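The values are calculated or read from the model by the stated rules, or taken from the named source; none is laboratory data. Predicted, not measured: the structure shown is a model, and the values here were computed from it. FYI the Cβ positions are ideal-geometry reconstructions off the backbone, even for glycines, and counts take in every protein chain you see.
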Amino acid sequence: MSEPDLVGASVDSPNSSDGVHRQAAILDRHLPEGYSADPEVSLATEPVEVAVEPVLAPSSASQDHFESPAASATELGASSNDNGQNGSSDATPTLETLESSLKLQGGDIHRDMFKIKARASSLRRSNTFSHHPSPHLGPTDELTHSEQLEPGGFRRQHLLRRARQRRQSGLIVANTFVDFLDLYGSFAGEALEDTDEDEDESAVIEGPEEAIEDDEQRPLLVRPKADRRKSSRRRGREGDASTVKTFFTLIKAFIGTGILFLPKAFRNGGILFSSLALVSVSLVNCFCFRLLLDCRHKYGGGYGEIGQAIVGPRFRSLILASIAISQLGFVCSGIIFTAENLFSFLDAVTKGAGHFGVPALIGLQFLPLIPLALIRNISKLGPVALVADAFILIGLVYIWYYDIGSLARHGIEPSVKLFNPTDFPLTLGSAIFTFEGIGLILPIQSSMKKPHHFKGLLYFVMFLITAIFTSVGALCYATFGEKTKIQIISNFPQDSPLVNAVQFLYSLAVLAGEPVQLFPAVRILETSIFGERATGKKSAAIKWKKNGLRTLTIAACIGVAVVGASDLDKFVALTGSFACIPLVYMYPAYLHYKGVAESKREKCLDIVTMVVGAVAMVYTTSVIVAQWIQG
């Protein structure tokens, strides 16, 4: 028996009625639909309609036992037995069109699992008398004689005894393969559930512990994240991230490529107005983050799940659509920024000799982005994102170093304005774009060992990044004035090898961050188009359709980037105004108003936040679009 079998718990005998029901409920979540090992189906040459008794899932009490490693084997057995007794055969049988499981690839190998489901789903007569079995004289989790004769039975019995001796260690032992499947959904090291389902939007938006870096204190076999939706049925585990680790994770969540657009945003709004705008946006964001955290405290789950619990499935779809639009906007902005930065780098290195233009450099990004976009496990993009963070840090250090030195020598640029009445809406959109990180608030809180400390830590981080954002924008604008460019590195001396290196690294940083930003958008698109149960693991056609969808998404982003390349600052501001304002301001306030707010004061604040957000979205979006059309 392999080491992963050390996790899990159940004392149900696989031969008992209760045990069969429980195992069938577990297998029903993983086996493909439309196949059965029922004799009537197996003997038929064509698919037949059969009356099937629905398989009832284990009760929540049983699941709670899995959540607690300290639960004893006796408690687990009692919970499982209660579940079997309570959910027997009260459900109405339904007609289903089934065909033999032997027609599946490797059907004979996994035939026994379909037999378990068939026994539980078949119609049986009611019991005419009750039988009280003889009391079990040995420990309750002792394997029976027949179970010990099964392959690996002696090894399981040995591990059970050892686990009983060291119960305080918190380890739980899986009696059977089905118990192991219930806890991990894995077989031979591969996920039996579709990887697309395992990495649903919750993986990035509603709760990815994968986004939190592992450390050496984490066990080799971690228990996956809980999710009540069908697309992610794995059991949850408590967070283990310390406060210090969560602090750095929050810093990484907010300081991304958006900070690179702030110097031009300060030029568009003026140094005083832009500074006040950043502080105001930060304060309103903190308020809206608190509203969403209050909803999470009452209803649990991720952003979309909260919307579904309070309003309904359509609102969840609206939230996910807004997330997809905003993420695609981030990707398009990153593609344009990378192309313009590379253009400036090539122009400086080649001394103005012939090289690719901005549209050609945008198109060339199609080549590295396609293989990165086909990666289905976001954790594999972790090293790429880490490199991007390192490059951004190098760029920020150089910006501070150069700007402070230049201001000390030459003072503030005379063309600096306190307020720019013409282009200030662009500043608001860019500020909202930069602070947009609401999708990672809930998963980061879930990862904490002490989640009740999260609010205070979040406010401190918001204060810190507001200071960082304001310093970068104000210093660059004060140094270069009206000459400030959207690709800020182009303002620095282009004959300096250090500047050229920073410029190139910045380009790589933005390019490396694009697949991570694209990931939640393509997962949402795939789920909405192909459904939650469509998996490339079971169908090569579905897999290639999904690959085609990802390729088309990249191509669409490239096309939009070519169109928006002429005015990147307007494109960034439009993304922030149209896509980010509803996510950050309007949706949390509405959810809090509908599901949490009780006093008139709370409801009034929620209404004011919604109205201000709607007015800001309509006004800034219309102004930006009008300026773009006028050229």
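Would you check which residues across segment 463-479 are surrounded by fewer than 21 Cβ atoms within 10 Å (Cβ to Cβ) and farther than 23 Å from N285 by Cβ and list them?
A478
For residues that are of a type in the set (A, V, I, L, M, F, W, C) and either within 21 Å of L508 (Cβ to Cβ) or not in a helix (DSSP H, G or I) (or both), scanning just segment 477-488, find the one that is modelled with the lowest pLDDT.
Taking segment 477-488 as the starting set, the residues that turn out to be of a type in the set (A, V, I, L, M, F, W, C) are 478, 480, 486, 488.
Okay, now just the ones that are also either within 21 Å of L508 (Cβ to Cβ) or not in a helix (DSSP H, G or I) (or both), so 486, 488.
On the way: I486: 78, I488: 81.
Across segment 477-488, the extreme among qualifying residues is I486.
Using the structure shown, decide if L498 is more than 19 Å from C286 (Cβ to Cβ), aliphatic (A, V, I, L, M) and assigned to a helix (DSSP H, G or I). Let's see the steps before the verdict.
On the way: more than 19 Å from C286 (Cβ to Cβ): yes; aliphatic (A, V, I, L, M): yes; assigned to a helix (DSSP H, G or I): yes.
Answer is yes for this residue.
Can you tell me which residues in segment 535-554 are assigned to a helix (DSSP H, G or I) and of a type outside the set (A, V, I, L, M)? Outline the logic, then answer.
Start the filter on segment 535-554 by keeping residues that are assigned to a helix (DSSP H, G or I), which leaves 540-554.
Once the filter is applied, which keeps residues that are assigned to a helix (DSSP H, G or I) and of a type outside the set (A, V, I, L, M), segment 535-554 yields K543, W544, K545, K546, N547, G548, R550, T551, T553.
Which pairs turn up if I take residues in segment 282-310 that are assigned by TED's automatic domain parsing to the domain that holds I468 and look for partners that are of a type in the set (K, R) with beta carbon separation below 6 Å, at least 6 apart in sequence or on another chain?
Short answer, once both residue conditions are applied: G304/R316; G307/R316; Q308/R316; I310/K594.
Can you name every residue in segment 37-54 that is assigned to a loop (DSSP other than H, G, I, E, B), buried (at least 17 other Cβ atoms within 10 Å of the Cβ) and modelled with pLDDT of 80 or more?
Result: A37, D38.
Please state which one of F261, F273 is buried (at least 22 other Cβ atoms within 10 Å of the Cβ), part of a helix (DSSP H, G or I) and either among the aliphatic types (A, V, I, L, M) or touching a residue at least 12 places away in the same chain (Cβ under 8 Å) (or both).
On the way: F273 fails: buried (at least 22 other Cβ atoms within 10 Å of the Cβ).
On inspection, the qualifying residue turns out to be F261.
Per-residue answers, yes or no, for (1) modelled with pLDDT under 70; (2) among the basic types (K, R); (3) in the same structural domain as A24 (by TED's automatic domain parsing):
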site: G107; (1), (2), (3): no, no, yes
site: D112; (1), (2), (3): no, no, yes
site: K115; (1), (2), (3): no, yes, yes
site: S121; (1), (2), (3): yes, no, yes
site: P135; (1), (2), (3): yes, no, no
site: T144; (1), (2), (3): no, no, yes
site: L149; (1), (2), (3): no, no, yes
site: H158; (1), (2), (3): no, no, yes
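May I ask you to verify whether C557 is surrounded by 19 or more Cβ atoms within 10 Å (Cβ to Cβ), in a helix (DSSP H, G or I) and of a type outside the set (K, R)? Talk me through it step by step, then tell me what you get.
Values: surrounded by 19 or more Cβ atoms within 10 Å (Cβ to Cβ): yes; in a helix (DSSP H, G or I): yes; of a type outside the set (K, R): yes.
Yes.
For the structure I just gave you, tell me whether I444 is touching a Phe, Trp or Tyr at 6+ places or on another chain (Cβ under 9 Å) and surrounded by 16 or more Cβ atoms within 10 Å (Cβ to Cβ).
Working: touching a Phe, Trp or Tyr at 6+ places or on another chain (Cβ under 9 Å): yes; surrounded by 16 or more Cβ atoms within 10 Å (Cβ to Cβ): yes.
Taking the combined requirement at face value, the residue satisfies it.
Hey, could you check segment 522-556 for residues that are farther than 26 Å from C332 by Cα and basic (K, R) and say which is modelled with the lowest pLDDT?
Once the filter is applied, the top-ranked residue is R533.
Would a scan of segment 299-315 turn up a residue that is touching a Pro at 6+ places or on another chain (Cβ under 9 Å) and not in a helix (DSSP H, G or I)?
Checked segment 299-315: at least one residue is touching a Pro at 6+ places or on another chain (Cβ under 9 Å) and not in a helix (DSSP H, G or I).
Could you tell me which residue of segment 417-432 is farthest from A616 (Cα to Cα), considering only residues that are in contact with a Lys or Arg (Cβ under 9 Å, 6 or more places away or on another chain) and either without any contact (Cβ under 8 Å) to a residue 40 or more places away in the chain or part of a loop (DSSP other than H, G, I, E, B) (or both)?
K417
Within segment 311-319, does at least one residue satisfy the condition of being in the same structural domain as P520 (by TED's automatic domain parsing), surrounded by fewer than 23 Cβ atoms within 10 Å (Cβ to Cβ) and closer than 22 Å to V572 by Cα?
Filtering segment 311-319 for residues in the same structural domain as P520 (by TED's automatic domain parsing) gives 311-319.
Adding the requirement that they be surrounded by fewer than 23 Cβ atoms within 10 Å (Cβ to Cβ) leaves 311-318.
From what is left, the residues that are closer than 22 Å to V572 by Cα are 318.
Yes, segment 311-319 contains at least one residue that is in the same structural domain as P520 (by TED's automatic domain parsing), surrounded by fewer than 23 Cβ atoms within 10 Å (Cβ to Cβ) and closer than 22 Å to V572 by Cα.
Select from segment 355-389 the residues that are of a type in the set (S, T, N, Q) and either part of a loop (DSSP other than H, G, I, E, B) or at pLDDT 80 or above (or both) and write down the one among them that is nearest to the chain's Cα centre (by Cα).
Going through segment 355-389, the residues of a type in the set (S, T, N, Q) turn out to be 365, 377, 379.
In the following step, the residues that additionally are either part of a loop (DSSP other than H, G, I, E, B) or at pLDDT 80 or above (or both) were identified as 365, 377.
Numbers: Q365: 25, N377: 11 Å.
Among them, the one singled out is N377.
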